[in-house]
Amino acid sequence: MTTLTPPVAPSLAHSLVPSARPAPLPARAGLGLKPQHFKDVLAQGPDIGFFEVHAENHMVAGGPLPHFLARIRERYPLSLHGVGLSIGGEAPLDEGHLQRLSDLIERCEPAVFSEHLAWSSHGGHFLNDLLPLPYDGDTLARVCGHIDQVQSRLRRQILLENPATYLAFASSTFSEADFLREVIRRTGCGLLLDLNNAHVSCTNHGLDADAYIDALPLHAVGEVHLAGHAVDEDAAGAPLLIDHHGSPVDEAVWRLHERLIARLGPLPTLLERDNDVPSLATLLTEASRAERTLARWGTA
């Protein structure tokens with residue numbers, strides 16, 4: 001895999017100074033905020049570091065979603081996680097979607113905004129998936145251009161999440177870690193390190209997850225994700241992991257978290273659960289394990 005690229009001019013994103021930045025996410029455990037838990041959160045005021053929501057679910061002008069989000073945002077820091085910008089898509093970014101995102105960020109003032117290293121739209125149609133990219137020079141230029149556009153519009157740094165993948169392109173000339181390193185160098189964006197995605201992808205491609213994580217630009221990590229996955233097998237009988245966010249965090253992912261925090265110190269750590277969502281109490285119990293890890297290696 002090549003890592004040599006020509007020098008580039010610093011991204012416009014390096015010079016952006018947001019007019020009003022909320023405080024950063026605390027180096028504590030956070031939870032994905034689900035509608036079925038809105039009232040419990042407000043009634044109980046759980047001791048949790050932050051909440052995260054999917055941006056596209058809240059791009060509405062009125063109704064219960066913005067009402068509850070505003071009330072909860074008054075009490076907790078917020079992480080906003082996008083799934084529909086199609087950062088890696090071949091087409092230009094959807095201007096309407098980008099404007100709705102900008103409006104939402106102005107309204108809810110999240111501590112961070114993140115998106116995926118993936119594509120999810122084509123020909124004006126949005127796909128309900130986050131699809132993989134070939135890691136080559138053309139993709140690098142396109143992804144960097146899109147990130148520059150987003151950061152300029154939002155007037156803030158974004159975090160880019162490493163994907164969960166099930167195939168690799170023969171045409172790739174970068175490893176995924178080297179590709180992410182170069183994107184971050186060129187654009188000044190940060191890294192959302194999804195440890196479940198790292199474990200899923202490395203298992204599916206026969207790679208070592210520790211070595212993959214060590215090769216990433218860890219200085220740029222602004223948030224960590226933990227999640228569950230499903231276990232299957234491919235046609236050859238080899239393990240095939242599916243990133244489904246529908247089960248507790250696997251022990252292998254907890255090990256990666258412990259190793260990462262021991263190396264870098266406490267970082268904002270989100271527990272994702274998007275399917276088969278249990279009670280708030282169950283999620284808080286799982287989040288307490290992340291809190292204990294953060295406390296062992298610094299002040300949580």
When the residues of the range 43-70 are narrowed to those that are β-branched (Val, Ile, Thr) and buried (at least 17 other Cβ atoms within 10 Å of the Cβ), which ends up farthest from residue 267 (Cα to Cα)? 53
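Select from the range 204-227 the residues that are surrounded by 17 or more Cβ atoms within 10 Å (Cβ to Cβ), over 12 Å from the mean Cα position of the chain (by Cα) and at pLDDT 95 or above and list them in ascending order. Break it down stepwise before answering.
We begin by selecting, within the range 204-227, every residue surrounded by 17 or more Cβ atoms within 10 Å (Cβ to Cβ); these are 204, 209, 212-213, 216-217, 220-227.
Now narrow it down to the ones that are over 12 Å from the mean Cα position of the chain (by Cα): 204, 209, 212-213, 216-217, 220.
Answer for the range 204-227, where residues must be surrounded by 17 or more Cβ atoms within 10 Å (Cβ to Cβ), over 12 Å from the mean Cα position of the chain (by Cα) and at pLDDT 95 or above: 209, 212, 213, 216, 217, 220.
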(1) modelled with pLDDT of 90 or more; (2) assigned to a loop (DSSP other than H, G, I, E, B); (3) buried (at least 16 other Cβ atoms within 10 Å of the Cβ): which one isn't true of residue 276, the others all being true? (3)
Somewhere in the range 244-256, is a residue touching a strand residue (DSSP E or B) at 6+ places or on another chain (Cβ under 6 Å) and surrounded by fewer than 18 Cβ atoms within 10 Å (Cβ to Cβ)? yes
Residues located in the range 41-87, provided they are of a type in the set (Ser, Thr, Tyr) and over 19 Å from residue 30 (Cβ atoms): 86
Of (1) modelled with pLDDT under 95; (2) surrounded by fewer than 22 Cβ atoms within 10 Å (Cβ to Cβ), residue 164 fails just (2)
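Do you know which of the residues in the range 45-61 that are of a type outside the set (Gly, Ala, Ser) and not in a strand (DSSP E or B) is nearest to residue 281 (Cα to Cα)? Please lay out each step first, then the result.
In the first step, residues of the range 45-61 are kept if they are of a type outside the set (Gly, Ala, Ser); the result is 46-48, 50-54, 56-60.
Then keep just the ones that are not in a strand (DSSP E or B); that gives 46-48, 56-60.
Values: 46: 9, 47: 11, 48: 11, 56: 26, 57: 23, 58: 24, 59: 28, 60: 28 Å.
Selected residue: 46.
Going by the conditions given, is residue 153 of a type in the set (D, E, K, R), surrounded by fewer than 22 Cβ atoms within 10 Å (Cβ to Cβ) and over 19 Å from the mean Cα position of the chain (by Cα)? Let's see the steps before the verdict.
On the way: of a type in the set (D, E, K, R): yes; surrounded by fewer than 22 Cβ atoms within 10 Å (Cβ to Cβ): yes; over 19 Å from the mean Cα position of the chain (by Cα): yes.
So residue 153 passes the test.
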What are the residues in the range 138-156 that are touching a Pro at 6+ places or on another chain (Cβ under 9 Å) and under 21 Å from residue 24 (Cα atoms), if any? 154, 155, 156
Selection count where residues are surrounded by 23 or more Cβ atoms within 10 Å (Cβ to Cβ), among the acidic types (Asp, Glu) and either more than 13 Å from residue 207 (Cβ to Cβ) or over 16 Å from the mean Cα position of the chain (by Cα) (or both), scope the range 167-190: 0
Counting only residues that are in contact (Cβ under 8 Å) with a residue 24 or more places away in the chain and either of a type in the set (Gly, Ala, Ser) or assigned to a helix (DSSP H, G or I) (or both), how many does the range 207-216 have? 5
From the list 199, 219, which residue is in contact (Cβ under 8 Å) with a residue 24 or more places away in the chain and either of a type outside the set (S, T, N, Q) or in a strand (DSSP E or B) (or both)? 199
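The values are calculated or read from the model by the stated rules, or taken from the named source; none is laboratory data. As the structure is a prediction and not an experimental result, all values here were calculated from the model. Quick reminder, even Gly has a Cβ in these numbers, built from the backbone with ideal geometry, and neighbours come from all protein chains shown.
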